[in-house]
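Below is one structure, written out as structure tokens, with a few remarks after it.
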Amino acid sequence: MLIDTPTYTFQPVELKPQEYKSDVKPIWCPGCGDFGVLSSFYKAISELHIPPEQLVIASGIGCSGRFPAFCNSYGFHGTHGRVLPLATGIKMAHPELEVVAVGGDGDAFSIGMGHFPHAARRNVNITYIVMDNEIYGLTKGQPSPTSPMGMERKASPYGSVERPLNPLLLAFAGGATWIARGFSSKPKEVTQLIKQAMQHKGFSFLQVYSPCVTFYDTYDHYKEVTKPLPADHNPSDRAKAMELAMNNETLFLGLYYQEERPTYDEAFSGVRQKATKGEYSLEKLMNKYRR
Amino acid sequence: MASTDLTVRVGGDSAAGGIVTTGEIFARIAAFSGLEIYTTRTIPAEIKGGHVMFQARASVDPVYSQGDDLDMLIAFDQESIDKYYDLIKPGGFLIYNSNDSKPPAALPEGVKQYGLPLNEIAKSINFSRGRNIITIGAMVKLFDLPYDKAEEMVRKQLGKKKELLEQNLLALRTGYEYVEKNISKESPYHLIPPTGGVQEERLVMSGNQSLSIGAIAAGCRFYAGYPITPASDIMEFLAAEFPQIHGTMIQAEDEIAAITMALGASYTGVRSMTATSGPGLSLMIEMLGHATMTEIPLLIVDVQRAGPSTGMPTKVSQGDLRIAIFGAHDDSPRIVVAPVSVEDCFYQIIHAFNLAEKYQTPVIFLSDQDMSVRVSTIPPFDLSKVKHEPRLLWQPNANGHKADGNGSGGTGGDNEYLRYRITENGISPMSLPGMPGGQYTAEGLEKMESGAPIFEPDVHAANFEKRARKLASSLQDYKAWQMFEQFGDDDAPVAIVGWGSTIGPVREAVMRAQSEGMKVAVLYPKLLYPLPREHIGEFIRDRAAVIIPELNFTGQFARMLQAEFGREFIRLNKYEGVPFATREIYNKIKVTYEGINEKV
């Protein structure tokens, strides 16, 4: 009478990056940073030998929200800002699935901000890639929570008066166990970071600068101000990693921080062991209420 | 006074603590002594302080309502005396704390009073917080309920702290003996116990417990929720049970996350639910529409409470019917199921899960505050009735993974799997993550059969029709699974059509009307959307008058039926945050009856 959920087992596959492409053509503007992230992603999952049926890509709303449809995997294009609870539900129902959450800065740090620290503190074993273009692209160019102060757009004709937030520090505050930053124009590095993020056991947060050519072209700016993290940086040094993340002049790229902590699904396994007392049946449950 | 049907109300200030516990323990003692019980309560939303009322009705025969008038009022404070003394019926009595409060100057005729010096008694055993349990002891003696049952119940309910338990048992004994010593057997304060007590098999539980067990029986293995009165104890119940059956219960960061997590889990094939109350349901509306659009099964329990806004979180209402059915942007159909009683919560939530799975749709389960916290004696669940309707899954054919699709409407690739295939009954076979070849994107945008986004007029129209078509089929299950209650006289000129927990007082009012020669027929559909139009239409067709009782201000169901059938209904609306009294329904039947006789 009690339903048991089947669990799947998967075998690694040999597929070329392009074999992970779906038939749906990306609708992004030519030159969009998201193209770079997408090709790095195909490459990463190819190198990780992930079977397409094991992979679930969840997204919210925004240009980057269209990401799942371009992959020959399972996908879930959810509502605006809710990608992390969505990915959490999928992962917790079937921890053997490989779950990747994707989205933009508006989705992550504005409408969906309330979910970010919780996914991090729970250490849900998923990878979260935020393609940060520092603007709302799909709605045609309003300032986002990562836009610089003074940005003049139709919704801020006299210059934005709001200070941008720091996504990396938010990830630290929430307790993410893997925190990194990339730049879409550095595809090799982004591929490596995506691979590491997916291999990390726990909540991996990857911020990727992914410029919007149409509404806020920052390619040149990032080429200037980004540089790799110091070669001697030790990712287990939390204080140092946070200090580096606070630097607004030089934007460091690479793995800031990594720690090992039981994942959310591992914690639940522990709870299940603790809770299980002999054979379970509906009759027994009902009989607790019998007079 | 002899009676086979007793109604007791306990009132006091929650700052003193234990009012509900007193009532609940008493109700359980009565239930475990062989009586049928039906309880109701209103508690303040505050943790400490504020007026609390608990009412228990105990009877030899099955009871369907909390009872209108009181046989006994136990008043722990002056407010409770002043508020309720005029509800005591002749022959009944008032028990109050004579150390703290004064009886009213004049009691209703035939009503007796008795002052228990509770503070003094408590002092005599050096246990000032023991007044509640002393009172229970006194009540047990007054009702001549078996003392051993009382002791057993106190141990069960208050046995966690050993030291305190000893004190509580002493308090129980002291209250019992006080009455034994001071109130003679012959005194009018003694109620002769209902004898020949039913010894039917019974479960003693609340609606939230019943529906939680139902959810487990239905195969639900994922729950995400956010604390909200009066739905939180569903979450707490499943938090204890799910880990034992490989289920997952997550206390989410808010209601939006809760429904989204449940949707994500269901997408992978696990039966999933969330539970909330009105304010939480408001937050879930966007994702509810998404579940309709992505065609993913999902169960949302709404334990209705009095609103709008924060309203009265601990009081009952049936005001969420409209948001349950119509709360959406654009036409976003979902199924709405309403159980009618504590017992029914178990069976209907199984139906609700089965409808969700079968039609790949969100289902809203409309319970209410009164039903959710009320402890009742109910027959044991018939577990042989538990059936699981499977989700229609995609079956890859012998060619391996490229199967099933007819190749049309997709974006390319012959024979690709079409998740949103337009079918005759609207249900499309669903693949689950992990199934090779079944990859697709669950899509909130309008889409082709493959799931790829498209904004073509004809595709949009075809999908609207598909989504509506598949839900219409659930009306066949309504019939097959008998998702309604129908009783009374077939040829009655006066009928009552209602939904939800109001059926209890309706049942008793109809019995009373029938005993006076009136003919009344009653129909309570438990599937409220899609509306079982045919059945309701046939039922009301030849009635001179149809009454629709509802615990909301505007008569939400009545207006819906009015729009559907283009006829007038008699609305009986109560919007005070408390359930109907049997008397109120009865009076409406009587007035209606007289009205139609005058016309003739």
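Coordinate-derived values only; no laboratory data. Predicted model only: the values in this text are computed from it and were never measured. Positions of Cβ are backbone-derived with ideal geometry, glycine not excepted, and every protein chain shown enters the neighbour counts.
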Cα-based equivalent ellipsoid, region A:103-154: semi-axes from gyration tensor eigenvalues, Å
25, 10, 8
To test your reading of the geometry: what angle, between 0 and 90 degrees and rounded to tens, separates the Cα axis of helix A:83-93 from the longest principal axis of chain A?
30 degrees
Rule-of-thumb check for region A:1-73: C-alpha Rg over 2.2 N^0.38 Å?
1.31
Cβ crowding within 10 Å averaged over residues, with B:155-164, A:132-141, B:95-104 ranked highest first
A:132-141, B:95-104, B:155-164
Work out the mean other chain Cβ neighbour count within 10 Å for the residues of B:247-257 and drop it here as an integer.
6
Zero-based 5 Å bins, Cα pair distances in region B:258-340, whole percents
3, 15, 26, 24, 18, 9, 4, 0
Among B:VAL20, B:PRO396, B:THR260 - extreme Cα towards positive end, dipole of chain B, charges at beta-carbon
B:VAL20
Put a dot 7 Å past each Cα toward the Cβ at B:SER515 and B:ILE125; how far apart are the dots in nm?
3.9 nm
Expressed as a whole percent, how much of the Cα-Cα distance distribution for the protein assembly as shown exceeds 38 Å?
51 percent
For region A:235-291, take the alpha-carbon Rg, divide it by the Kirkwood Rh, and send me Rg/Rh.
1.46
Signed unit charges on C-beta, dipole axis of chain A, positive-most listed residue A:PRO148, A:ASN123, A:ALA231
A:ASN123
For the pair B:GLU152 and A:GLU243, how long in nm is the line joining their label points, each one 7 Å along Cα→Cβ?
6.9 nm
Can you work out the Karplus-derived ³J(HN,Hα) for every residue in region B:527-534? Use 6.51 cos²θ - 1.76 cosθ + 1.60 with θ = phi - 60°, whole Hz, and x for glycine or proline.
9, 9, 8, x, 6, x, 4, 4
If r is the Cβ-Cβ distance from B:GLU79 to B:ASN587 and R0 is 30 Å, what FRET efficiency results, to the nearest 0.05?
0.60
So which GluC sites (Glu not before Pro) in region B:77-157 are both in a DSSP loop and have at most 12 other Cβ atoms within 10 Å of their Cβ?
B:GLU109
For region B:499-554, what D do you get in µm² per second when you plug the Kirkwood radius from alpha-carbon pairs into Stokes-Einstein at 4 °C and 1.567 mPa s?
102 µm²/s
Across 5 Å bins beginning at 0, the whole-percent shares of Cα-Cα pair distances in region B:481-600 come to 2, 11, 24, 26, 22, 12, 3, 0, 0
Pairs of alpha carbons in region B:39-169 whose separation is greater than 17 Å (percent):
66 percent
Looking at region A:33-81, I'd like the Rg to Rh ratio, where Rg is from alpha-carbon atoms and Rh is Kirkwood's inverse mean 1/r.
0.97
Which three semi-axes in whole Å describe the equivalent ellipsoid of chain A, each the square root of 5 times a Cα gyration tensor eigenvalue, listed largest first?
35, 21, 20
Output the 0 to 90 degree angle, nearest 10, between the alpha-carbon long axis of helix A:264-275 and the longest principal axis computed from the alpha carbons of chain A.
20 degrees
Extending each Cα 7 Å along its Cβ direction at A:LYS140 and B:ALA15, get the distance between those two points in nm, one decimal.
6.0 nm
Would you grab the residues whose amide H sits under 5 Å from the one on B:LEU298? Only those 5+ places off in sequence or on another chain, please, with H modelled 1.01 Å from N.
B:THR361, B:VAL363
Cα-centre dipole for region B:223-298 with unit charges at Cβ (Lys and Arg positive, Asp and Glu negative), debye to 20
180 debye
Can you list residues whose amide H is under 5 Å from A:GLY103's amide H, if they're 5+ apart or on another chain and H is modeled 1.01 Å from N?
A:ILE129, A:MET131
If you take the Cα Rg of region B:545-597 and divide it by 2.2 N^0.38 Å, with N the number of residues, what do you get?
1.16
Go through region A:145-153 residue by residue and turn each phi into a ³J(HN,Hα) via Karplus (6.51, -1.76, 1.60, θ = phi - 60°); whole Hz please, and just put x for glycine and proline.
x, 10, 5, x, 4, x, 4, 9, 9
Starting with the fewest neighbours, write out B:LEU6, B:LEU73 ranked by other beta-carbon atoms found within 10 Å of each beta-carbon.
B:LEU6, B:LEU73
Based only on other Cβ atoms within 10 Å, what is the fewest-to-most ordering of A:MET246, A:MET92?
A:MET246, A:MET92
Let me confirm one metric for peptide A:280-288, namely the mean number of other chain beta-carbon atoms within 10 Å of its residues' beta-carbons.
5
Using θ = phi - 60° and the Karplus form 6.51 cos²θ - 1.76 cosθ + 1.60, what ³J(HN,Hα) does each residue of region A:243-256 get, whole Hz, x for Gly and Pro?
4, 5, 5, 7, 5, 9, 7, 9, 9, 6, 10, x, 7, 7
B:LYS102: which lysines have alpha carbons under 26 Å from its alpha carbon, excluding same-chain residues fewer than 8 sequence positions away?
B:LYS48, B:LYS83, B:LYS89, B:LYS112, B:LYS123, B:LYS141, B:LYS181, B:LYS185
Debye log10 I(q)/I(0) at q = 0.11, 0.12, 0.15 Å⁻¹ for region A:119-248, Cα point scatterers:
-0.42, -0.50, -0.78
Rounded to the nearest whole number, the Stokes-Einstein translational diffusion coefficient of region A:124-199 at 4 °C and 1.567 mPa s (Kirkwood radius, C-alpha pairs) in µm²/s is 91 µm²/s
Averaged over its residues, how many other protein chain Cβ atoms are within 10 Å of peptide B:263-275's Cβ atoms?
6
How long are the three semi-axes of the equivalent ellipsoid of region B:201-281, in whole Å, if each is the root of 5 times an eigenvalue of the C-alpha gyration tensor, listed from largest down?
20, 16, 10
Angle between the Cα long axis of helix B:255-267 and the longest principal axis of chain B, 0 to 90 degrees, nearest 10?
50 degrees
Neighbour-count order for A:THR79, B:THR39, B:THR423, fewest beta carbons within 10 angstrom listed first
B:THR423, A:THR79, B:THR39
Nearest-20 debye value, region A:64-135 charge dipole, Cβ charges on Lys, Arg, Asp, Glu:
240 debye
So, with +1 on the Cβ of K and R and -1 on the Cβ of D and E, and no other charges, what is the size of the charge dipole of the protein assembly as shown about its Cα centre, to the nearest 20 debye?
920 debye
Chain B, convex hull of Cα, quarter of hull surface, nm² -> 29.9 nm²
